[in-house]
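Chemist: This is the structure, below, for whatever I ask next.
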Amino acid sequence: MVQDHNQKSDLSIDNLIAEVELITQAPRPIIFASILSVLSSTIQGMLDIQINSKLVTPTSLFILTIAESGERKSTVDNLLRKALVEINDEINDENKKMRSHYDSELDKWRIEQKVYQKKYNKSLLEESNNRIKSELKSALYEIQEKKPKLIQMTNILFNDITIEALLFNLTHEQPNTILSTSDAGNMINRLNYQYLSNVNQLWDGDTIQIDRKKEGSFIIKDARLTISLMIQPKTFEEILLKKERIRETGFLARMLFIKPYPSQGRRFYFENDACLYLNAFYKRIKDIYNISHLRSSSGIEKMIAILSPQAKNIWISFYNEIEQLIGREILSDIRDYASKIANNVARVATLIHYFEHDNDEVCDLCMQKAITFGRGCVGSFKSVFGEKTFEEKANEYAVILYNWLQKNIRHSGCIQFYKSHIYQYGPRSLRNKNNLEIALRRLNYDNVIFYYYNAKPAFIEININHQGFNELNH
């Protein structure tokens, strides 16, 4: 694709992120994740990445963003998916026209088929000669072969669909789809472990055969699927408790795992109407989709991107660094995730590069951006699934209890609390006797509270001379 200089200068991921941040004031990782989900959904059908001589992998991404309500996940997603939604609406409009045409043609066919069926039935009753019967029978066969077929384009964007239905849709003529939702709790709760292995195979780029008792078997070949899920932390914690095996499936290990620091309390209103980079983004996405759809519908094979020598050296260094961290036990507790992050980084770098430069040799700068993002994903995954030391747990629970005590002192003015009251009404993570005990003893050790654990019943008293609580009394 040939682009003029001015348009090319507008295709900058960094500038796009900055512009969307000004508009929404959402955390940058959430913005970047949404951009990547759109890029993945449009580029995945036309471009794979060759990491080395033996490994060619899809550019499809699985993304999971965990953020509190009010972090503007939906706002960002709706803003960045605008071009995709418009494309999907055009597909739906075209499908309605095709459906209307199909219904009309089907009515004509039924009339013609009925006429010849009557003639054939009459020939049987009247014992017509064999030649007439044979001609009518042949005519019926020909009409049957001419029965209209409904050919419709598959949607490229799904918000609420079961994995089973999604897999079936990928067998259609447009096997490049995105599953994207800003409220993923219900969808994850409905996940069927039976089909998660198939989803993992799609990420790997494998051909899949699925056997069903009622519908029979079907094959998914050369299909690409992007998944972008957004969920609140408490909902995700509850899901992990219910679906303990979900990590064992390898589904989470394949995801870009986003868990940004909250931005609320630091967002102040100001006017901003800038949309230079957003508009360039929308146009570029539509251009890429048109090229991708044309290639797919024409049966043209996917392009294969490669890493430039500089990008490959940077990628190899990152791969080896992760491997060393696994071996030194720093990442050994999340080795399932760490073992796939280099693959994901290569995909992210390819998507960024193709968006910005429109060629198939991934540059070193795009690789650096992808690695920076990948490091953040590793940190987020470890913060949720990594095995914490006793010291880390004690600090974490102590901070949670400290914040809860501050809020309650502000509202009630009370400086004494029964341990049983904290256990019953305190933070969810401290409604566990061991966790609560760890938090109480840490705050007591740090002289933040006085913990009377031998009292009947046990209670605590706030140390009003402690700096944090002393400020609340003035």
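Chemist: Residues of the chain: accessible area per residue at 1.4 Å, in Å²?
Modeler: Counting only protein heavy atoms, the per-residue value for the chain is 53 Å².
Chemist: Pairs of Cα atoms under 8 Å, at least six residues apart: use those to get the relative contact order of the chain, whole percent.
Modeler: About 20 percent, as a whole number.
Chemist: Also, I was wondering about something else. How large is ³J(HN,Hα), in whole Hz, for each residue of the range 226-232 in order, when computed from phi with the Karplus curve 6.51 cos²θ - 1.76 cosθ + 1.60 and θ = phi - 60°, using x for Gly and Pro?
Modeler: Values per residue, Gly and Pro as x: 9, 10, 10, 10, 10, 8, 7 Hz.
Chemist: Which residues' amide hydrogens lie under 5 Å from the amide hydrogen of Ala305, considering only partners 5 or more residues apart or on another chain, with H built in the peptide plane?
Modeler: Close amide H contacts, sequence-distant or interchain: Asp48, Ile49, Gln50.
Chemist: Another question about this same structure. When the dipole is taken about the Cα centre of the range 285-347, and only Lys, Arg (+1) and Asp, Glu (-1) are charged at their Cβ, what size is it in debye, to the nearest 20?
Modeler: For the range 285-347, the charge dipole is close to 280 debye.
Chemist: Shifting gears a bit: Mind checking the range 47-99 for trypsin sites (Lys or Arg not before Pro) that DSSP puts in a loop (not H, G, I, E or B) and that have at most 12 other Cβ atoms within 10 Å?
Modeler: Lys54
Chemist: Looking at the P(r) of the range 15-153, how many percent of alpha-carbon pairs lie beyond 22 Å?
Modeler: 65 percent
Chemist: Right, here's the next one. Which label marks the calculated value of volume of the Cα convex hull per residue in Å³, given the options (1) 191; (2) 239; (3) 226?
Modeler: Comparing each candidate, only (3) matches the computed number.
Chemist: What lysines could a cross-link reach from Lys114, if we take a straight Cα to Cα line under 21 Å and drop same-chain neighbours fewer than 8 places away?
Modeler: Lys122, Lys133, Lys137, Lys146, Lys147, Lys149
Chemist: Kindly flag which residue pairs out of Lys302/Lys340; Lys221/Lys283; Lys82/Lys259; Lys54/Lys221; Lys407/Lys433; Lys242/Lys369 have an alpha-carbon separation exceeding 28 Å in this structure.
Modeler: Lys221/Lys283; Lys242/Lys369
Chemist: What spacing in nm lies between the two simple spin-label points modelled at Gln113 and Ala274, each 7 Å away from Cα in the Cβ direction?
Modeler: According to this spin-label approximation, the distance is 6.1 nm.
Chemist: What is the extension gain from Tyr445 to Gln368, computed as 0.36 nm multiplied by their sequence separation minus the C-alpha to C-alpha distance, in nm to one decimal?
Modeler: Result for the pair: 23.3 nm of gain on full extension.
Chemist: Based on Cβ point charges of +1 for Lys and Arg and -1 for Asp and Glu, what charge dipole magnitude is obtained for the chain about its Cα centre, in debye rounded to the nearest 20?
Modeler: That gives a dipole near 1460 debye.
Chemist: Just in the range 11-78: which GluC sites (Glu not before Pro) are loop by DSSP and have at most 14 other Cβ atoms within 10 Å?
Modeler: Glu68
Chemist: If you don't mind, there's one more thing I want to ask. Out of the range 373-460, which trypsin sites (Lys or Arg not before Pro) are coil in DSSP terms and have no more than 15 other C-beta atoms within 10 Å?
Modeler: Lys388, Arg431
Chemist: Could you check the simple spin-label distance between Glu135 and Asn186, using points 7 Å along Cα→Cβ, in nm with one decimal?
Modeler: About 6.1 nm separates the two model spin labels.
Chemist: Could you tell me what percent of the accessible area of the range 84-151 is made up of carbon and sulfur, with a 1.4 Å probe and every protein chain present?
Modeler: Within the range 84-151, the accessible surface is 49 percent carbon and sulfur.
Chemist: Select from Tyr425, Tyr261, Met303 the residue farthest towards the positive end of the dipole of the chain; place +1 on Cβ of Lys and Arg, -1 on Cβ of Asp and Glu, and compute about the Cα centre.
Modeler: Tyr425
Chemist: Continuing with this model, one more query. Once the other residues with Cβ under 13 Å from the Cβ of Glu135 are scored (Lys, Arg +1; Asp, Glu -1), what is the net sum?
Modeler: Summing Lys and Arg as +1 and Asp and Glu as -1 gives +3.
Chemist: Additional query: May I ask you to give the average projected area over all directions of the convex hull of the Cα atoms of the range 351-470, in nm² rounded to one decimal?
Modeler: 11.2 nm²
Chemist: Angle check, please: helix 82-125 long axis (alpha carbons) against the longest principal axis of the chain (alpha carbons), in degrees 0 to 90, nearest 10.
Modeler: Approximately 30 degrees, to the nearest 10.
Chemist: Can you work out the PRE-style zone for Lys147? Point 7 Å along Cα to Cβ, and I want the residues of the range 101-131 with backbone N under 16 Å.
Modeler: In the range 101-131, the label zone of Lys147 (backbone N under 16 Å from the point 7 Å along Cα→Cβ) covers 102-118.
Chemist: Multiplying the sequence separation of Asp333 and Lys393 by 0.36 nm and subtracting their Cα-Cα distance, what value in nm do you get?
Modeler: 20.1 nm
Chemist: When the accessible area of the range 298-455 is computed with all protein chains present and a 1.4 Å probe, what percentage of it is carbon and sulfur?
Modeler: Solvent-exposed carbon and sulfur of the range 298-455 make up 50 percent of the total.
Chemist: Okay, moving on. Can you give the percent of C-alpha pairs in the range 406-467 whose distance is more than 14 Å?
Modeler: Above the 14 Å cut-off, the range 406-467 has 57 percent of its Cα pairs.
Chemist: I would also like to ask the following. Could you work out how far apart the two model spin labels at Gln406 and Ser197 are, taking each label as a point 7 Å from the Cα in the direction of the beta carbon, and quote it in nm?
Modeler: Each label point is offset 7 Å from its Cα along the Cβ direction, giving 4.9 nm.
The values are calculated or read from the model by the stated rules, or taken from the named source; none is laboratory data. In this text the structure is predicted, and so the values were computed from the model without any measurement. Cβ: placed from backbone, ideal geometry, glycine included. Neighbour counts: every protein chain shown. When the accessible area is computed, the model is the full protein with side chains, heavy atoms only, and any ligands, DNA or RNA have been set aside. Shrake-Rupley method; radii C 1.70, N 1.55, O 1.52, S 1.80 Å.
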